[in-house]
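Here is the structure we will look at.
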Amino acid sequence: MTRSGPGGNQGSRTPGSGACPEASPARGRRAGLAGLLPFLLLLLSGCATLFPPPPSDIEDACAIFSQRSSWRKSLVRSRDKWGVPIHVQLAIIHQESKFRHDARPPRDRLFWFIPWRRPSTAYGYAQALDDTWDWYKDKTGNDGADRDDFDDAVDFIGWYVRMSHSMLGIPTWDAYNQYLAYHEGHGGYARRTYLKKRWLLGVANKVKRNALRYQQQMELCEENEPAGWMDILP
């Protein structure tokens, strides 16, 4: 098959002949950019759908579910699969990433002002470390899991909290001690390394308070939700 246009059978054409007038290079570039615009808008729209920004009010469970119905379904699946209450999952995500899909620890500073390395490999909604995430994928078979995917992140949290229950005897509803094990790791929690970190005990108390608030909100906002809202309660 041959191509018309430059390189084609130009000998039989006279200047100005053909179905369309010849376009200048500048006009061609503008036309090309105009043709790309719908594709770029579609791409940006897709990114916004895949990685939505945090809800407008991350302190309110009802507002979160109202704006992110798919998140509610993910939390329910994790609860049913691992036995971890939804309000505990929410409180951990609130503390770890404030519901930002690409959250990372802030970089250290060299000489107080030069951005340097990050203190850990924590990433995503759950702030899972590289090695811990690999452990999760190996144990669950969820090889395609991504830390910036909400569904995968809450499945990870459910799995880790369940592991803390199995290995350390911490109830899945105990947001305070579950967060200490989440932060310190199972070995660190068993050695009680958190007792030397007063600041961490304060953070765990904050997670506990947030979990209680989320639980109360989920019970109170039932009246304003459609049928089936009770399905998300622990």
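The values are calculated or read from the model by the stated rules, or taken from the named source; none is laboratory data. Here the structure is a predicted model, which is why all the values come from computation and not from measurement. Heads up, the Cβs are rebuilt from the backbone with ideal geometry, glycines too, and the neighbour counts pull from every protein chain shown.
Values for this structure:
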item	result
Matching residues, the range 83-104, being under 13 Å from the mean Cα position of the chain (by Cα) and surrounded by fewer than 24 Cβ atoms within 10 Å (Cβ to Cβ)	His94, Glu96, Ser97, Lys98, Phe99, Arg100, His101, Asp102, Ala103, Arg104
Any hit, the range 89-98, residues being at pLDDT 95 or above and among the charged types (D, E, K, R)	yes
Qualifying residues in the range 185-213 (those that are farther than 19 Å from Trp173 by Cα and hydroxyl-bearing (Ser, Thr, Tyr)) - the one surrounded by the most Cβ atoms within 10 Å (Cβ to Cβ)	Tyr194
Where Ile232 falls short, out of the listed (1) within 22 Å of the chain's Cα centre (by Cα); (2) at pLDDT 95 or above	(2)
Qualifying residue in the range 146-161 (condition: more than 16 Å from the chain's Cα centre (by Cα) and among the charged types (D, E, K, R))	no
Counted residues, the range 136-161 - those being more than 20 Å from Gly83 (Cβ to Cβ) and part of a helix (DSSP H, G or I)	2
